[in-house]
1. Condition (residue is within 16 Å of the ligand (Cβ to nearest atom), touching a residue at least 60 places away in the same chain (Cβ under 8 Å) and outside any helix (DSSP H, G or I)) applied to the range 535-551: is it met by at least one residue?
2. Go through the range 425-526 and tell me which strands (runs of 3 or more DSSP E), entirely inside it, have 3 or more residues that are buried (at least 20 other Cβ atoms within 10 Å of the Cβ).
3. Of the residues that make up the range 712-720, is at least one at pLDDT 90 or above, surrounded by fewer than 22 Cβ atoms within 10 Å (Cβ to Cβ) and within 12 Å of the ligand (Cβ to nearest atom)?
4. Residue by residue through the range 685-699, note down the ones that are within 15 Å of the ligand (Cβ to nearest atom) and out of contact with any Ser or Thr (no Cβ under 8 Å at 6 or more places or on another chain).
5. Restricting the search to the range 583-611, which residues are touching a residue at least 60 places away in the same chain (Cβ under 8 Å) and under 17 Å from residue 743 (Cα atoms)?
6. Filter the range 657-676 for residues that are touching a Ser or Thr at 6+ places or on another chain (Cβ under 9 Å) and within 13 Å of the ligand (Cβ to nearest atom); which is farthest from residue 505 (Cα to Cα)?
7. Could you check how many residues of the range 142-168 are modelled with pLDDT under 90, among the β-branched types (Val, Ile, Thr) and either closer than 20 Å to residue 99 by Cβ or not assigned by TED's automatic domain parsing to the domain that holds residue 42 (or both)?
Amino acid sequence: MSTVKNNNKKAAKSGKKVKKTYADVMGIGSVVHNEKVDFVVGLVFSSLAIYMMIAMVSYFFTGAYDQSLVIQLRPGELISSSHSFQNVCGSIGALMSYILVARWFGIAAFFIPVFIMFCGLQLMGAYKVNLWKWFFSTALTMVWMSVTFAKFLTPIMTDQVFYPGGDHGENSRQFLEGVIGSPGLIAVLGIVAVAFLTFLTSETIAFVRHLLNPIGYITSKVKFSAEIGGGESEDTWNNESASYENPAAQTVSFNEGVATFDQPDNTEDTANRTMVDEETGEIVLHDSEPESVGNTSGKSESETGKDVELVVETGAKEEKACGKNLTHYDLSTPINPREPFTAYKFPTLNLLKKYDNDSKPYIDKEELIANKKRIVEVLNSFGVQIREIKATVGPTITLYEITPAEGVRISKIRNLEDDIALSLAALGIRIIAPIPGKGTIGIEVPNAKPAIVSMESILNSKKFQESTMELPIALGKTITNEVFMVDLAKQPHLLVAGATGQGKSVGLNAIITSLLYKKHPNELKIVLVDPKKVEFSVYGPIAEHFMASVDEDEDPIITDVTKVVRTLKSLCTLMDTRYDLLKAAGARNIKEYNQKFLSHKLNPEKGHEYMPYIVVIIDEFGDLIMTAGKEVELPIARIAQLARAVGIHMIIATQRPTTSIITGNIKANFPGRIAFRVGAIVDSRTILDRPGANQLVGRGDMLFLNGQEPTRVQCAFVDTPEVEDIANYIASQPGPLHPMELPEPATDETGAGGVGDSSLADLDPLFEEVARFIVMSNQGSTSAIQRKFSIGYNRAGRLMDQIERLGIVGAAQGSKPREVLVTDENSLDTLIAQLRQ
Ligand SMILES: Nc1ncnc2c1ncn2[C@@H]1O[C@H](COP(=O)(O)OP(=O)(O)OP(=O)(O)O)[C@@H](O)[C@H]1O
């Protein structure tokens, strides 16, 4: 987008560019190269077009009267006042309309002022259209309509003084009918129309095919409506989704996707010198730098207009470079990242539960006054004078904002925290002294009747619906009742901690839910690690749509520690691969990369593909560290350090916020922290580096920290049945058939010793069977394993590695099968017996 703007700015500033625009429009060498002149000439053109249209419309009513005057008119008499013309545009209007409508093209002559209008608007800079294309399109349509009207309207419009197709249409019709007859003329008109529409949009081909095979079309429609359920028609479906489902993602995929080609150098031949015209959706040359192309013939062509540049400059090269791509992609429009699941419908808000007092905190005046009285009394009793006190009622907490009298030291009030809490007889008092950015002191007091913040009230907010964040997570409401949202892509990783039963799982569900409400299955993949085995099982139905896994045959929700290590290593491999792709694409991060990919600047045949964001959520991270220690900590730290740019984000949760679990390494790499209530001040310090989490009230009361001061937020409540409904809803939508396959983790060099390093338990459960198959069939081929055991490529490759490591087959030899080194079953049995020991 910025490139287009820059080019336009350059165009405005550079004389050379303005000259080209002017020449484009006028079709003659430029006279004056000045933006102001262009504007004024454009204004004249536009006004002339309007004048012509008015005259032509008037001609329909006054033509009969004016015709005799116009025909009798002798040279020089046009401006004579002796004739009184009825046309509202006077003698010139009457004459011009007579020529255009009666003598030339009939009703179709309106295309002439329409084209002049486009020229005018282009010169005025109001629109940017491809004038050559418009010229040929309007000219062809006008001629075609002129003949068509002559054929079909002349017999019914007998009372007009002109032929509906003008003299041109009528003469052409008579000539053609004389030569090829009426059916021949109709056929020619039909062929020209279809050929023209095909040239304009390739959808014509599909449309004509549907027309030719209506039964096939109806069948495909029936299949489609069955897939989305509910028997809704395609139209209703699309309309609905357009109204709410995902306004923000449309911006990403289209506004940004269409945007620009901003690639100066030589990597992608095609992309370098083309760009998608925002208005026309056309591919046009990046015409600002013809010299960079180094093509002198291109330069001379460029003088005649942008379209000619398109044809001449890019012709030979584009055909070669794009030939391969064009067979797969229509370069005139950006790739839709949601293809082929464009029919996917985002979960609707009615899947979420509403509560009686939703979004409206319960205000108990008596409670407020009593609390205020007590706060003032306690502070006075300690000699602290107050100038003003103000209460802000939040969903679960009320903030009393105190302006102390002059001369009162803030630290004095902070030290009275426990005394105030005691006198208010309330748990969860937190003193903020001073409130950042204000000279006041805040005392947060829990409400006697806390309100539930429903997920529905959060997701139904304008803030969430209109959010353009990459990975929006709506966490709940602040003390001032504002929806609290953060972009996970910016965090870039989150640590969630809190004692058991304080709202951690609900918080994780709120995070996942908000992502599911905003992201398409092609845009987001989730890796769920659930050592407790029950927390995330509710997301089972969305595995195919939203999950990523290393072993496609196994449950994508990881519950086993050994698999966690494998998955984390696989994510490290994916991270490295993505970095390589980013480097090759010259992109700094996933957003730039995807934009380039969607605008056809990256060649899929060179391994480029659209990258979905990957969010890794690990519940009970403490359990993992206790069982696997460094083995999980290291890959987690590595991903946390590096993966932000490639769109891999982590959320780790623990109910044991101790330093042995939240180590310095983890803390340093997880700047985003969410603390639910904890029992001790040390735990709060471990999570947030300060007290506060120990003073929370539980049930979703949390502190969010990323930067200076934590924000107190009441987490949105989303219940398991709601999550179930959302998951089932998503599962019923069209989407991928399998979870995204993560790459095979790089093999650990240290483990590549001999038989003594392995035991059967470490190996794939199919190991023995596969090894036997290889030895018996003497076939060391991965694809043979895949075929025989009906397993995926990753798993077959892994098995082959294990078999190689144990010396059963030799090293890979390119595309040839490996050499089988253990040739008889007895030797294999001995080897397996060793492994069993
Ligand atoms: N945001 C919230 N609003 C209202 N109530 C909540 C909220 N979050 C949690 N609760 C209440 O607290 C209970 C426990 O929450 P949750 O299961 O999330 O705790 P937890 O910290 O995950 O516990 P554990 O670590 O044992 O899994 C919920 O069943 C619910 O009743």
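The values are calculated or read from the model by the stated rules, or taken from the named source; none is laboratory data. As the structure is a computational prediction, the values presented were derived from the model and not from experiment. Positions of Cβ are backbone-derived with ideal geometry, glycine not excepted, and every protein chain shown enters the neighbour counts.
1. Quick first cut of the range 535-551, residues within 16 Å of the ligand (Cβ to nearest atom) only: 535-539.
Still in the running and touching a residue at least 60 places away in the same chain (Cβ under 8 Å): 535-536, 538-539.
Next, only the ones that are outside any helix (DSSP H, G or I) stay: 535-536.
Checking the range 535-551: at least one residue is within 16 Å of the ligand (Cβ to nearest atom), touching a residue at least 60 places away in the same chain (Cβ under 8 Å) and outside any helix (DSSP H, G or I).
2. Numbers: elements: 430-432, 441-446, 472-478, 483-487, 494-497.
Filter on the range 425-526 gives 441-446, 472-478, 483-487, 494-497.
3. Within the range 712-720, one or more residues are at pLDDT 90 or above, surrounded by fewer than 22 Cβ atoms within 10 Å (Cβ to Cβ) and within 12 Å of the ligand (Cβ to nearest atom).
4. 687, 696, 698
5. Once the filter is applied, which keeps residues that are touching a residue at least 60 places away in the same chain (Cβ under 8 Å) and under 17 Å from residue 743 (Cα atoms), the range 583-611 yields only 610.
6. The initial filter retains those residues of the range 657-676 that are touching a Ser or Thr at 6+ places or on another chain (Cβ under 9 Å), namely 657-659, 661-662, 667, 675.
If we keep only those that are within 13 Å of the ligand (Cβ to nearest atom) as well, we get 657, 675.
Numbers: 657: 15, 675: 12 Å.
Applying the filter and picking the extreme gives 657.
7. Of the residues in the range 142-168, 2 are modelled with pLDDT under 90, among the β-branched types (Val, Ile, Thr) and either closer than 20 Å to residue 99 by Cβ or not assigned by TED's automatic domain parsing to the domain that holds residue 42 (or both).
Residues are listed down the side, and each one gets a yes or a no for (1) charged (D, E, K, R); (2) more than 19 Å from residue 572 (Cα to Cα); (3) within 16 Å of the ligand (Cβ to nearest atom):
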{"site": "506", "(1), (2), (3)": "no, yes, yes"}
{"site": "516", "(1), (2), (3)": "no, yes, no"}
{"site": "521", "(1), (2), (3)": "no, yes, no"}
{"site": "529", "(1), (2), (3)": "no, no, yes"}
{"site": "533", "(1), (2), (3)": "yes, yes, yes"}
{"site": "556", "(1), (2), (3)": "no, no, no"}
